[in-house]
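Quick notes on the structure that follows.
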Amino acid sequence: MGDSTGFLTYVCYFIFFLLVFVFLFVLGIIKGVIFSPFVFLVIAFGDIGVVIGLWPCHLVWSIYCIARTKKFDPYMKCILILTAPIPIALWTVVGIVGSVIMGIGYGFVWPVMETFRAISKEGVSIPMKLIKCFTDGTWSNVWGACTIVRDFADFSFHSYFSVMDGLLESEGEKPVELKVTQIPGCILCAILGVLVDVPFITLIVLYKAPILLFKGWHRLVQDLIGREGPFLETLCVPFAGLLILLWPVVVLVATFTGFVSSFFFGCYAAVVAYQESSTKRGLLYAVASVSLFDEYTNDFLYLREGSCFLSVPYNKLCSCGQPDLDTVRE
């Protein structure tokens with residue numbers, strides 16, 4: 001009789017918890033729907049205004065600092081001045097897209113978080129908690145959006161000029177020279193690196209995606225049972241539960257990210273070839289990067305150490321655990 005009573009108590013507690021969770025979640029969504037347009041307008045238009053407003057200043061001052069610095073030789077300065085509009089244009093695109101995403105995400109997510117935070121506050125009476133469930137995450141959400149725009153403006157202005165001042169103050173340093181003769185070898189390494197790394201890294205990603213799926217589910221369920229990890233704080237429980245349901249989407253995003261990163265791994269062979277002044281070392285990196293990626297993913301998924309792919313030394317301070325080629329010859 002006692003066991004059945006205890007079981008019914010747990011069932012009633014679960015039903016009550018579920019009803020409270022649904023009520024708070026719906027309440028947070030309603031507040032998000034009401035106030036998210038204001039938050040979106042503040043963040044999106046504020047950040048976009050900062051990005052576009054500082055665009056001419058960033059471009060002109062970047063060209064001026066590149067022309068005045070003694071850190072680069074004349075050939076490198078010409079290349080950097082000609083290509084300066086490209087990163088600034090990319091920064092503009094990233095800033096605009098990021099502002100739109102930030103405005104939508106902050107406008108909806110923050111009211112829900114504030115609703116659950118209000119009900120989980122300690123030392124507050126129940127009537128006050130109920131009042132705060134309706135008031136928290138409303139206009140404070142709009143003021144928070146203004147703070148985001150202000151911080152973004154400070155970062156875009158002060159941080160940029162701090163970096164540029166460091167470029168102008170580079171006195172007594174050996175100027176970085178453009179190795180013109182190394183450019184064809186770098187292009188060759190980039191092309192061959194992409195041809196080698198993209199198919200192999202894609203195969204590794206596809207092979208380990210199911211492992212990431214089931215291991216992630218297993219870990220999240222363990223944290224849910226033991227109230228650890230993302231389930232430690234009451235505020236994070238609904239979002240962590242949503243993470244369990246959306247974990248396959250996370251795995252798909254990780255798989256796509258791994259595929260995209262394979263192009264960067266391949267192109268980085270050109271950087272290695274330029275740094276080492278050796279086309280051969282760039283080609284060796286194209287081979288070794290597959291092994292490096294396999295080792296990184298093994299560590300991330302808590303699989304066995306090492307890699308079944310060929311690991312070769314590609315620079316003087318070799319990170320593959322093998323001696324340098326020149327040392328071996330000596």
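Coordinate-derived values only; no laboratory data. Because the structure is a prediction, the values reported are computed rather than measured. Neighbour counts are summed over all protein chains in view; Cβ atoms, including those assigned to glycine, are modelled from backbone coordinates with ideal geometry.
The table that follows gives values for the structure above.
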{"item": "Mean Cα-pair separation over length for the range 57-160, i.e. relative contact order, pairs under 8 Å, 6 or more apart, %", "result": "19 percent"}
{"item": "Sequence-separation-based contact order of the chain, relative, with Cα cut under 8 Å and 6+ spacing, percent", "result": "18 percent"}
{"item": "The range 274-289 - phi-based ³J(HN,Hα) in whole Hz, Karplus 6.51/-1.76/1.60, Gly and Pro as x", "result": "6, 5, 8, 6, 8, 5, 4, 5, x, 5, 5, 5, 4, 7, 5, 5"}
{"item": "Rounded, prolate or oblate (a/c below 1.5 giving rounded, otherwise prolate when a/b exceeds b/c) for the range 1-176 by Cα gyration tensor", "result": "prolate"}
{"item": "Amide H partners (placed H, <5 Å) of Val176, local residues excluded", "result": "Phe72, Asp73"}
{"item": "Stretch gain in nm, segment Ser277-Thr202, where the contour uses 0.36 nm per residue and the Cα spacing is subtracted", "result": "24.1 nm"}
{"item": "Theoretical FRET efficiency, 1/(1+(r/R0)^6), r = Cβ-Cβ of Val312 and Val253, R0 41 Å, to 0.05", "result": "0.85"}
{"item": "The chain: angle of helix 126-135 to the longest principal axis, Cα-based, in degrees nearest 10", "result": "50 degrees"}
{"item": "Computed [θ] at 222 nm, deg cm²/dmol, the chain (DSSP H ≥ 4; -39,500 (n - 2.57); rounded to nearest 500)", "result": "-27500 deg cm²/dmol"}
{"item": "Pairwise centroid distance, computed over Cα atoms, of the range 249-322 with the range 46-86, Å", "result": "32 Å"}
{"item": "Rounded tilt (10° steps) of 85-119 against the dominant C-alpha axis of the chain", "result": "20 degrees"}
{"item": "Shape category assigned to the range 84-148 from the gyration tensor of Cα positions, a/c cut at 1.5", "result": "prolate"}
{"item": "Cβ-derived FRET efficiency at R0 30 Å, Val124 paired with Ile211, nearest 0.05", "result": "0.10"}
{"item": "Estimated FRET transfer efficiency when R0 is 41 angstrom, pair Ile81-Tyr302 (beta carbons, to 0.05)", "result": "0.30"}
{"item": "Given [x] 83, 51, 31; [y] 120, 74, 41; [z] 50, 47, 29, the label whose value is Cα extents along the principal axes in Å derived from this model", "result": "[x]"}
{"item": "Relative contact order of the range 1-176, defined on C-alpha pairs under 8 angstrom at six or more residues apart (%)", "result": "39 percent"}
{"item": "Simple Cβ-charge dipole of the chain, Lys/Arg +1 and Asp/Glu -1, about Cα centre, in debye nearest 20", "result": "420 debye"}
